[in-house]
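Novice: Pasting in a structure now, in structure tokens, and then I'll have a few things to ask.
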Amino acid sequence: MSTVSLSAPRDRIFGRSSPQRMLTLQRGRGRQEVFVIGTGRFDLHIATEGPLSISEAVEFELETGFPAEVRKWRGIVHWTFANRKLNEAGIALTSPVPPELVIASSSSMRSSVRFPYKLAGKIMSLRDGKKLSAKTINYSRSGVLLQTSAEYQIGDRISFEWYSARSQMLAQQHRSVDAVVCWASKESDSYLLGCEASKDALWCLSDTDICRKLRTADPRDASF
């Protein structure tokens, strides 16, 4: 398990207007600085010099208060992105983000961070079973943003299915998630659908079983 060590000044608790944004990530004998890009209630979006791996368990600790108190949080890497300059990762946490890490950005005003994720698949209406092509734009802890050519209404129950290229045998794996359309918007020749996934499908597009991984990371937390 990787360990992230975070220390704040002992005589001050950082608040929303002055968040702690730099963490030290320890992986085995190596250490690297990571930058907190955004936060949700159970999300961390971080930038790192070295890449993290999907399903990797991480742990970070926070020293706050006077006298000093060390608190620990655990999580699982559910999303990664890399370019020439840096690596980014999405961390699903077993407990809510501490106030010291709340980032005053547009993402922190929501309960979950939106992680960009392009994926082609099929959308099916659970009312009539009709299937159409669709693709994902992003996903969060509780939902997914889809783009399709058909119009759907708020409250429509749908299923999105796709093939995941990441599996234990490196073979394509059929996957699907049921959801409810929460909002819909027309954009040029297509429609954007903001959908809330079923409660047992947290971070639904991740290439790993986040709920199972979180229970393993912190079995005391029964909310997953």
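Novice: May I ask you to list the residues in the range 132-160 that are loosely packed, with under 14 Cβ neighbours inside 10 Å and within 19 Å of A201 (Cβ to Cβ)?
Specialist: Within the range 132-160, just G155 meets the criteria.
Novice: Limited to the range 108-139, what total is found for residues that are in a loop (DSSP other than H, G, I, E, B) and either closer than 15 Å to L193 by Cβ or not polar (S, T, N, Q) (or both)?
Specialist: Our first condition is that a residue be in a loop (DSSP other than H, G, I, E, B); within the range 108-139, this holds for 110-114, 126-130.
Filter again for either closer than 15 Å to L193 by Cβ or not polar (S, T, N, Q) (or both), leaving 110, 113-114, 126-130.
Final tally of qualifying residues: 8.
Novice: Continuing with this model, one more query. Take P51 and tell me if it is over 16 Å from V113 (Cβ atoms) and at pLDDT 80 or above.
Specialist: Criteria met by P51.
Novice: Looking at this structure, is T64 of a type in the set (S, T, N, Q), closer than 20 Å to Y117 by Cβ, modelled with pLDDT under 90 and in contact with a Pro (Cβ under 9 Å, 6 or more places away or on another chain)?
Specialist: Values: of a type in the set (S, T, N, Q): yes; closer than 20 Å to Y117 by Cβ: no; modelled with pLDDT under 90: yes; in contact with a Pro (Cβ under 9 Å, 6 or more places away or on another chain): yes.
It is false that T64 is of a type in the set (S, T, N, Q), closer than 20 Å to Y117 by Cβ, modelled with pLDDT under 90 and in contact with a Pro (Cβ under 9 Å, 6 or more places away or on another chain).
Novice: Another one. What pairs come out if I take residues in the range 16-45 that are at pLDDT 85 or above and buried (at least 19 other Cβ atoms within 10 Å of the Cβ) and pair them with residues that are among the small types (G, A, S) and assigned to a loop (DSSP other than H, G, I, E, B) whose C-beta lies under 7 Å away, six or more apart or interchain?
Specialist: Here the result reads G38/S105; G40/S111; G40/S112; D43/S112, each pair linking the range 16-45 to a residue that is among the small types (G, A, S) and assigned to a loop (DSSP other than H, G, I, E, B).
Novice: Determine whether the range 99-107 contains at least one residue that is surrounded by fewer than 20 Cβ atoms within 10 Å (Cβ to Cβ), more than 19 Å from the chain's Cα centre (by Cα), among the small types (G, A, S) and at pLDDT below 85.
Specialist: No, there is no match, as no residue in the range 99-107 is surrounded by fewer than 20 Cβ atoms within 10 Å (Cβ to Cβ), more than 19 Å from the chain's Cα centre (by Cα), among the small types (G, A, S) and at pLDDT below 85.
Novice: Within the range 146-161, track down each residue that is outside any strand (DSSP E or B) and of a type in the set (S, T, Y). Write out each step before concluding.
Specialist: We begin by selecting, within the range 146-161, every residue outside any strand (DSSP E or B); these are 149-156.
The answer is S149, Y152.
The values are calculated or read from the model by the stated rules, or taken from the named source; none is laboratory data. Predicted model only: the values in this text are computed from it and were never measured. Because the Cβ atoms are built from the backbone with ideal geometry, glycine has one as well, and the counts that use them run over all protein chains shown.
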